[in-house]
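The values are calculated or read from the model by the stated rules, or taken from the named source; none is laboratory data. What you see is a predicted model, and the numbers here were worked out from it, not measured in a lab. Please note: Cβ atoms are built from the backbone with ideal geometry, for glycine as well, and neighbour counts cover all protein chains shown.
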Amino acid sequence: MRDAPKMHLDAQGLRIGIVTSCYHEEVTDRLRSGAITAFVDAGGDPDDIYEVTAAGAFELIPLVDALARKDLDGVVALGCIIRGETTHDAHLARSIAHQLAQIAFEHELGVGFGILTVLSTEQAMERAGGLKGNKGEETMNAVIATARALETIEEDLGEEELEDEDGEDEVVEYEYVDDSDDGDDDESDLESEDEDEGEYEDDEEYEDEEEEA
């Protein structure tokens, strides 16, 4: 697998929220440390980090959503889900991923998915500062890059809006049409036409009678 492209990271002036699950705390603490280190290494001020602790991985969702509504440039969610004897882990991870994506979409904000989904504690530790790197660090870097990209888009295109040719937003009006009585209307139209034709024929007969007289 190829390495991810290197990003120019600049966290100076950014305010980032970190929500850390305390479940599997021996793992998530290391993820949190990696995220904070990455933020500082990118030029960020530790005082610009706002931290919240979640009771578990699922509880990350409302807390991330709450921070997304505040004056922050991004939010990092950190947690660890280890597979057990049932499929509980799969349902949990799928739900969290879906909801965090929805939060990012609704708020146009960088939301980092720093949640390990592993088979064992050993695998988790390898990915929390071990041989496989640190997911907390990776997630923070992704949020910093996203925050800067959104900032650039706003600077370049923030004033542009979709408009019609007259420079005004197009308003489309819809009219409700009841199709249930179409058949009756058609029959009424035909009857009206027949009555009109009858009137024309009577007029012609009347004119002929006058000429004969």
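Which ones in the range 69-103 are of a type in the set (A, V, I, L, M) and either in contact (Cβ under 8 Å) with a residue 24 or more places away in the chain or not assigned by TED's automatic domain parsing to the domain that holds Y50 (or both)? Selection gives L72, V75, V76, A77, L78, I81, I82, L92, A93, I96, L100, I103. Residue count for the range 43-67 under the criterion of being surrounded by fewer than 14 Cβ atoms within 10 Å (Cβ to Cβ) and either part of a helix (DSSP H, G or I) or modelled with pLDDT under 95 (or both): the result is 3.
Within the range 116-140, which residues are in contact (Cβ under 8 Å) with a residue 60 or more places away in the chain and outside any helix (DSSP H, G or I)? Once the filter is applied, which keeps residues that are in contact (Cβ under 8 Å) with a residue 60 or more places away in the chain and outside any helix (DSSP H, G or I), the range 116-140 yields L116, A128, G129, N134. Is it the case that the range 13-23 has a residue that's surrounded by fewer than 19 Cβ atoms within 10 Å (Cβ to Cβ), modelled with pLDDT of 95 or more and among the polar types (S, T, N, Q)? No: the range 13-23 contains no residue that is surrounded by fewer than 19 Cβ atoms within 10 Å (Cβ to Cβ), modelled with pLDDT of 95 or more and among the polar types (S, T, N, Q).
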